[in-house]
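Before any comments, here is the structure.
The values are calculated or read from the model by the stated rules, or taken from the named source; none is laboratory data. Keep in mind the model is a prediction, meaning the values are calculated, not measured. Note: ideal-geometry Cβ built from the backbone for every residue, glycine included; neighbour counts use all protein chains shown.
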Amino acid sequence: MTEPDRCRLYLITPPQLDPADFRDTLASALDAGDVACVQLRLKDVDDDVIRRAADILRPVAQQRDVALIMNDRPDLAVETGCDGVHVGQEDASYADARRLLGPDSIVGVTCHQSRDLAMTAAEAGADYVAFGAFYASGTKKPKHRADPAILSWWSELMETPCVAIGGITVENAPALITAGADFLSVVAGVWSHPEGPAAAVKAFNAVMEKIAAAQ
């Protein structure tokens, strides 16, 4: 993932989903506006459940030139033909993920609010670093809270793209975009939007385009 000209959406799948039912919802969201990638994030389920979800959702994303990123599991990313993997500090190491996926796949790393972790990941070759959580989230209870200032510091210093995560909505996104986020990682802000996911994608893109035009 190269540094984009303007901030882009990085969607994460809902915590629970039936992939067969979710397929059309995902397609509608991706057709509504620019989305850089979709992270498949299913916790506390069997590997076969993840494999089935990847097999069903991967074509939906890839046919639209949207990367499908596997959460946590480099081995399953390779096995299911995903475009990359996102690893946390308690998951597989960046080095192990890169070794499994090779040089051409996307490998992103959670860095919480740590400048040191982000620098280490970027210098090792990570395709992006993720900071957060910036806001309270109903998806997961954040162990770390980050300040938008870290996005400004990073964007001024480094070329590796940064992803903002944690409780992001259309309403609170502008502060993160203005601070320098290259991507906004969104879960409930899209899938639970009162007007539906497609409307949310359109709204996020409108905000991103407005801010980019003003900068």
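Residues checked against (1) modelled with pLDDT of 95 or more; (2) closer than 17 Å to LEU30 by Cβ; (3) among the hydroxyl-bearing types (Ser, Thr, Tyr):
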| residue | (1), (2), (3) |
| --- | --- |
| GLY138 | no, no, no |
| ALA146 | no, no, no |
| PRO161 | yes, no, no |
| GLY180 | yes, no, no |
| ALA188 | yes, no, no |
| LYS202 | yes, yes, no |
(request) From (1) in contact with a Lys or Arg (Cβ under 7 Å, 6 or more places away or on another chain); (2) closer than 28 Å to CYS82 by Cα, pick out the condition that doesn't hold for ALA212. (result) (2)
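So which residues in segment 72-99 are in a helix (DSSP H, G or I), of a type in the set (A, V, I, L, M, F, W, C) and over 17 Å from the mean Cα position of the chain (by Cα), if there are any at all?
To start, the set of residues in segment 72-99 that are in a helix (DSSP H, G or I) comprises 74-79, 94-99.
Within this subset, residues satisfying the condition of being of a type in the set (A, V, I, L, M, F, W, C) are 76-78, 95, 97.
LEU76, VAL78, ALA95 - these are the residues of segment 72-99 that are in a helix (DSSP H, G or I), of a type in the set (A, V, I, L, M, F, W, C) and over 17 Å from the mean Cα position of the chain (by Cα).
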(message) Checking the conditions here, which among LEU57, LEU68 is modelled with pLDDT of 95 or more, within 21 Å of ILE168 (Cβ to Cβ) and either buried (at least 22 other Cβ atoms within 10 Å of the Cβ) or in contact with a helix residue (DSSP H, G or I) (Cβ under 6 Å, 6 or more places away or on another chain) (or both)?
(response) LEU68
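Being small (Gly, Ala, Ser) and surrounded by fewer than 23 Cβ atoms within 10 Å (Cβ to Cβ) is the filter; apply it to segment 148-165 and report the residue that is farthest from PHE183 (Cα to Cα). First the steps, then the outcome.
Here is the first cut: in segment 148-165, the residues small (Gly, Ala, Ser) are 149, 152, 155, 164.
Add one more test, that the residue is surrounded by fewer than 23 Cβ atoms within 10 Å (Cβ to Cβ), and what stays is 149, 152, 155.
Details: ALA149: 15, SER152: 13, SER155: 12 Å.
For segment 148-165, the residue satisfying everything is ALA149.
Being touching a helix residue (DSSP H, G or I) at 6+ places or on another chain (Cβ under 6 Å) and over 26 Å from GLU123 (Cα atoms) narrows it down to one residue among ALA173, ALA181; which is it?
Details: ALA181 fails: over 26 Å from GLU123 (Cα atoms).
Just a single option satisfies the conditions, and that option is ALA173.
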(request) State the number of residues belonging to segment 100-117 that are outside any loop (DSSP other than H, G, I, E, B) and closer than 17 Å to LEU184 by Cα. (result) 7
(message) For segment 176-215, give me the residue count where each residue is hydrophobic (A, V, I, L, M, F, W, C) and loosely packed, with under 15 Cβ neighbours inside 10 Å.
(response) 4
(message) Suppose the filter is out of contact with any strand residue (DSSP E or B) (no Cβ under 8 Å at 6 or more places or on another chain), closer than 17 Å to LEU184 by Cα, among the β-branched types (Val, Ile, Thr) and surrounded by fewer than 22 Cβ atoms within 10 Å (Cβ to Cβ); does THR25 pass it?
(response) no
(request) Could you please give the count of residues in segment 77-100 that are farther than 16 Å from GLN62 by Cβ and at pLDDT 95 or above? (result) 9
(request) Check GLY88, GLY102 and return the single one that is under 21 Å from PRO15 (Cβ atoms) and small (Gly, Ala, Ser). (result) GLY88
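Please indicate, with yes or no, whether at least one residue in segment 114-127 is of a type in the set (A, V, I, L, M), buried (at least 21 other Cβ atoms within 10 Å of the Cβ) and closer than 21 Å to LYS43 by Cα.
Within segment 114-127, the subset of a type in the set (A, V, I, L, M) is 117-119, 121-122, 124, 126.
Among the residues that remain, those that are also buried (at least 21 other Cβ atoms within 10 Å of the Cβ) are: 118, 121-122, 126.
Still in the list and also closer than 21 Å to LYS43 by Cα: none.
No.
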